[in-house]
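The structure that follows is given in the form of structure tokens.
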């Protein structure tokens, strides 16, 4: 399916969720209404003609220093690919500086759990209804979000205590029926 | 969490199902009967700094959670204060077992942004060095994995030939592990005169090394018992977790970027994409041996076709002028000054570009604001997705199997934690 066809398909599936589109060096970018992202991803995943069954990556961007940028401060890019049909596209949502929050897609793809945790950890974007939104790459005592443009690269922090992980472990054991 | 849906299996959760059935109905499963053990973060079998906290019932892992980030050093933040050229040595340290493939992945993305035509000779040398790197990556993975399950001899057989490949890489670029051999627009230097003969000789040794390993393990009862039907992951599940590369192919999904979205003339090379049958540890080890064979075929074809000519583009936006020009005329001097002081400046824009690295799809998302520093780089490390599924794969198996499985999904902490 070529780019235009994917866009047309999306416009018929969820016309109110699409804000715009762009061509990014040969790949389709669809700008999506922030609160509709989970619906859009699910529709694209389940539609047999689009069939985006592989979540390639979730990228967070802080546009606050970007020259000429007038939109919301943060962007989240979802790279999607269909293994069977071979086409790709990426969806982009933007979220404002105050309370940056995007609905989770961790119930749709297994790897979205960790990818969203990374975006939260590095950029401070919250993913609503994420089951376990904790830091992943940085230490749990770390303060701030290092990939934000206002986080100075030279800032150092003293981090000491280990993380017990028992909070995650208990949740997992509870799910398996342990008391 | 979404009510009633298990985020990992996507199946509706039935509360208390397991505790109200069968023999367990009388005796509820209690947490106090379990022993909690940390595997890692610093343990010989983790081959890097990874941590898995396991709840054990006897020797069986009933639940596991993993923690990463012990090798996080802020690769993405670092790139934002360096020029595009200065990012190349940082990419070496992502997957340090096959550094050149990361160089190529990054350079290819920037070259696409700048619409630079890389000379044919450079492309073929990139293919040859990438496939050599794929071979040593697979040798390290399989060799180390076999050590973890007690087969030490294979480690020597595979690491012996790996050393010989490193000798070639050292002659190419002066470094063994962190090569920084690629430049945006081509290579840092051409290959040395005896390169082709030495590669052909090393391919022969690789064949022999792989054959020796295969002879030792393919009918070895201990190996087969340790590897077959252990930590099976179905193709569906692997896709669900975003797996790519050999681990996905071991689960029977034929997806290889070199075939699916060919770059660097991969469409002209004859090679097969081997796939596994069920996706157990055995499949994940053996698929790497088959891929080594295919890489050898690709290198042989590329050596036959290797054209002459320059290895660096003459595009003035990225290439330093020859030294005679820098010192001989004002235009050359200015070009040199511009590239050193002002750097490479792609047009403002966003790009995603991916290559098939040894572990799977290595992708770079680059946001450029038109300046000499990248505005934002996000690396998609293939083993991040592999490790995201690890805790689920090892639940229900014994510790020894968890170690065998960790080796088979080839976690490289350098690219996992960035």
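The values are calculated or read from the model by the stated rules, or taken from the named source; none is laboratory data. What you see is a predicted model, and the numbers here were worked out from it, not measured in a lab. Because the Cβ atoms are built from the backbone with ideal geometry, glycine has one as well, and the counts that use them run over all protein chains shown.
Tell me, which residue of the stretch B:51-74 that is facing chain A (nearest Cβ under 10 Å) and out of contact with any strand residue (DSSP E or B) (no Cβ under 7 Å at 6 or more places or on another chain) is surrounded by the most Cβ atoms within 10 Å (Cβ to Cβ)?
Per the stated criteria, the residue is B:68.
In addition: Across the stretch A:133-148, which residue is farthest from the chain's Cα centre (by Cα) among those that are crowded, with 16+ Cβ neighbours inside 10 Å and more than 8 Å from every other protein chain (Cβ to nearest Cβ)?
If we take residues in the stretch A:133-148 being crowded, with 16+ Cβ neighbours inside 10 Å and more than 8 Å from every other protein chain (Cβ to nearest Cβ), then A:140 is farthest from the chain's Cα centre (by Cα).
Moving on. For the list (1) in contact with a helix residue (DSSP H, G or I) (Cβ under 9 Å, 6 or more places away or on another chain); (2) within 9 Å of another protein chain (Cβ to nearest Cβ); (3) at pLDDT below 90, I need the number of the one condition that residue B:25 fails.
Only one criterion is unmet by residue B:25, namely (2).
Could you check how many residues of the stretch A:96-125 are away from every other protein chain (no Cβ under 13 Å), part of a strand (DSSP E or B) and surrounded by fewer than 23 Cβ atoms within 10 Å (Cβ to Cβ)?
Of the residues in that region, 1 qualify.
For the subset of the stretch A:29-48 comprising residues that are surrounded by fewer than 20 Cβ atoms within 10 Å (Cβ to Cβ) and in contact with a helix residue (DSSP H, G or I) (Cβ under 6 Å, 6 or more places away or on another chain), which member is nearest to residue B:242 (Cα to Cα)?
Checked the stretch A:29-48; the qualifying residue nearest to residue B:242 (Cα to Cα) is A:43.
Suppose the filter is in contact (Cβ under 8 Å) with a residue 40 or more places away in the chain and in a helix (DSSP H, G or I); does residue B:155 pass it?
Considered against the rule, which asks whether it is in contact (Cβ under 8 Å) with a residue 40 or more places away in the chain and in a helix (DSSP H, G or I), residue B:155 comes out as no.
Let me ask something additional. Identify, by number, the condition in (1) modelled with pLDDT of 90 or more; (2) away from chain A (no Cβ under 14 Å) that residue B:96 doesn't meet.
So residue B:96 meets the others, but not (1).
Which residue, of A:113, A:121, is modelled with pLDDT of 90 or more and more than 11 Å from the chain's Cα centre (by Cα)?
A:121
Just checking, which of A:92, A:134, A:149 is closer than 30 Å to residue A:25 by Cα and in a loop (DSSP other than H, G, I, E, B)?
A:149
Give me the residue from the stretch A:64-89 that is in a loop (DSSP other than H, G, I, E, B) and touching a strand residue (DSSP E or B) at 6+ places or on another chain (Cβ under 6 Å) and, out of that set, nearest to the other protein chains (Cβ to nearest Cβ).
The extreme case among them is A:83.
Here's another thing I want to ask about it. Tell me, yes or no, whether the stretch B:359-382 has at least one residue that is over 27 Å from residue B:251 (Cα atoms), touching a strand residue (DSSP E or B) at 6+ places or on another chain (Cβ under 7 Å) and more than 13 Å from chain A (Cβ to nearest Cβ).
no
Looking only at the stretch B:383-404, count how many residues are more than 10 Å from every other protein chain (Cβ to nearest Cβ) and under 24 Å from residue A:118 (Cα atoms).
Qualifying residue count for the region: 4.
Looking only at the stretch B:38-50, decide whether some residue is over 30 Å from residue B:159 (Cβ atoms) and either surrounded by 18 or more Cβ atoms within 10 Å (Cβ to Cβ) or within 12 Å of chain A (Cβ to nearest Cβ) (or both).
no
Please go through (1) away from chain A (no Cβ under 14 Å); (2) surrounded by fewer than 24 Cβ atoms within 10 Å (Cβ to Cβ) for residue B:351 and return the number of the only condition it doesn't satisfy.
(1)
Output yes when any residue across the stretch B:288-311 is assigned to a loop (DSSP other than H, G, I, E, B) and free of Cβ contacts under 8 Å to residues at least 24 places away in the same chain, and no when none is.
No, every residue in the stretch B:288-311 fails to be assigned to a loop (DSSP other than H, G, I, E, B) and free of Cβ contacts under 8 Å to residues at least 24 places away in the same chain.
I've got another one for you. Please verify whether residue A:167 is more than 10 Å from every other protein chain (Cβ to nearest Cβ) and either outside any strand (DSSP E or B) or more than 14 Å from the chain's Cα centre (by Cα) (or both), treating the condition exactly as stated.
Criteria not met by residue A:167.
Of all residues being in contact (Cβ under 8 Å) with a residue 40 or more places away in the chain and in contact with a strand residue (DSSP E or B) (Cβ under 6 Å, 6 or more places away or on another chain) in the stretch A:134-179, which is farthest from residue B:61 (Cα to Cα)? Just the residue, please.
Within the stretch A:134-179, the match that is farthest from residue B:61 (Cα to Cα) is A:149.
I've got another one for you. Taking only pairs six or more apart or across chains, which ones have beta-carbon atoms under 8 Å, a first residue in the stretch A:40-57 that is facing another protein chain (nearest Cβ under 10 Å), and a second residue that is at pLDDT below 85 and in a loop (DSSP other than H, G, I, E, B)?
Short answer, once both residue conditions are applied: A:53/A:84.
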